[in-house]
Amino acid sequence: MAKQVILSGGSVSGVVELPGDKSISHRYAILAALAEGNSEIANYSTAADCASTLECLRRLGVKIEARRDGIVQFAGTGLDGLTPPRRALDAGNSGSTMRMLAGVLAGQPFTSTLTGDASLRRRPMRRVIEPLRQMGATIRSREGDLAPLEIRGGKLRAIDYSLPIPSAQVKSAILFAGLFADGVTSVTESVRTRDHTELALREFGAKVETSKGTARIHPRPKLQARQLIVPGDLSAAIFLIGAALVLPDSSLVLHDVGLNPTRAKVLDFLIGMGARIQVTAVQSRNGELVGDVAVRHAALEGGSISGSQVAEMIDELPMLAALGPFTEKGIEIRDAKELRVKESDRIAALAEGLRRMGARVEEFPDGLRVEGRAAGKLRGAKVDPQGDHRIAMALAVAALGAEGQSVIQQAECVGVSFPEFFTILEKLREKRAEGAA
């Protein structure tokens, strides 16, 4: 397994062009496949997860060309043009691919199987299986809850569904299945989750209504091919922002970042902790807010995250926890049991990795508390991110502020969401070193 050596100290400086947003790339690809005509998606995510979505769509008969300039071209099949796959559809490590495609496959007149890597086959799928069964799909799974999922699709009935657990992926699966239903399908959530699917459906011509926590999808729209640009990925940007907050004298500008209000709460939280963050050049593009984010090093107070904040910042929680030792009062995360069933048990993986660096961490069933600066300075260590991309990047940022050298094992796992992370991080540090020279 590849490892990455992290040398502490220095600072980061420069302007960053981020890879395309992973969440939005998945959704644009699925809808471009179901649209009528030829679509082009620019700045498509370089993440391995999004490549898995493309490969699954290819196996369903969609003609896709991924160009070297970051543009992906789709010859859409229309709602009824997908073809039975000859073998299982491999979602790799991507829960988004598996759950959202399950909604599409539920409406197809054939049987297909969705599988993934060992990590994905351990993640809970009952939350998406149950509503799709209510709509009329026949789904077989391992031990009732785990992939592989064998889906026999067909005519679906519309349902009104309330999400028992906040999940944008499950909401999206039901809305995608609703494209093939016999009436208006609605999904209600008690905690607002990211709304990229609702925005993307509208961009492709579907009729979607949203009000008071409920999204309603009208069936059988004629989806139109589009030319779209994917915003830079805020969930990737957060790790570079974290590096600037950990390392003194740092100054970064992150260009063309997605600032969807259902995703950008993490910036508000950091500003509330004392972070020097400015958002400029904000515009609406394809229904999504996009802008530039400037960040400068600042002393951080610390804070706590619980309740609805967890769903609003679920992907950013590992980075926020890793900032704990560099804050005045530490970071506490509660009501986040969902972190235990991500690509790894993120609560346990964070606690173990940060403790190896000397952080004082208290672990709870639903979260953790990371003590602040008074607990002592971190020291370099060898850490295992448990094959989890977000844990690897969070621990790498913590290592920047530790004394001495750290080693991130299985560092290649960052390719799941942000394969350029270590390269960009080193270039930003080199620029600062060149400037100082």
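If the convex hull of the alpha-carbon atoms of the chain is projected onto planes in all directions, what is the mean projected area in square nanometres? Mind dumping the intermediate values first?
Values: hull surface 75.9 nm².
Mean shadow area of the hull around the Cα atoms is 19.0 nm².
Full-extension gain between Ser304 and Glu130, please, as 0.36 nm times their residue separation minus the C-alpha to C-alpha distance. Show your work: numbers first, answer last.
Details: separation 174, 0.36 × 174 = 62.64 nm, distance 3.34 nm.
Residue separation times 0.36 nm, minus the Cα-Cα distance, leaves 59.3 nm.
List the lysines whose Cα sits under 28 Å from the Cα of Lys171, skipping any in the same chain fewer than 8 residues away.
Those lysines meeting the cut-off are Lys22, Lys63, Lys155, Lys207, Lys212, Lys222, Lys265, Lys337, Lys342.
At most 10 other Cβ atoms within 10 Å and a DSSP loop assignment: could you name the trypsin sites (Lys or Arg not before Pro) in the range 179-217 that fit?
Values: sites: Arg192, Arg194, Arg202, Lys207, Lys212, Arg216; in loops: Arg192, Arg194, Lys207, Lys212.
Sparse-neighbourhood loop trypsin sites (Lys or Arg not before Pro): Lys212.
Nearest 5 is fine: what % of DSSP beta bridges in the chain come out antiparallel, could you say? Please report the intermediate quantities before stating the final value.
Values: 53 of 76 bridges.
Looking only at bridges with both residues in the chain, the antiparallel portion is about 70 percent.
Taking square-rooted eigenvalues a ≥ b ≥ c of the alpha carbon gyration tensor, is the range 22-229 rounded, prolate or oblate, where a/c under 1.5 means rounded and, failing that, a/b exceeding b/c means prolate?
Rounded shape, in that the Cα axes give a/c under 1.5.
Please report how far the C-alpha centroid of the range 86-125 lies from that of the range 1-77, rounded to the nearest whole angstrom.
Cα centroid to Cα centroid, the span is 18 Å.
Between Val341 and Glu430, 0.36 nm times their residue separation minus their Cα-Cα distance comes to what?
Working: separation 89, 0.36 × 89 = 32.04 nm, distance 3.69 nm.
Computed gain between Val341 and Glu430 is 28.3 nm.
For the chain, set up a GNM with springs between Cα atoms under 10 Å and report which of Gln224, Gln283, Gln409 has the largest fluctuation.
Gln283
So what is the 222 nm mean residue ellipticity for the chain from helices alone, if each DSSP H run of at least 4 adds -39500 (n - 2.57) and you divide by all residues, rounding to the nearest 500 deg cm²/dmol?
Working: 13 runs with 136 residues, N = 437.
Estimated from H runs of four or more residues: -9500 deg cm²/dmol.
Along the three principal axes, how long is the range 273-389 when you take its alpha carbons, biggest first, rounded to the nearest angstrom?
Per principal axis, max minus min of the Cα coordinates gives 43, 32, 27 Å.
Computed from the coordinates by the stated procedures, all read-outs in this text should not be read as laboratory data. Note that this is a predicted model, so its numbers are computed, not measured. Methodologically, a virtual Cβ is constructed for each residue, glycine included, from the backbone with ideal geometry; neighbour enumeration extends over all protein chains shown.
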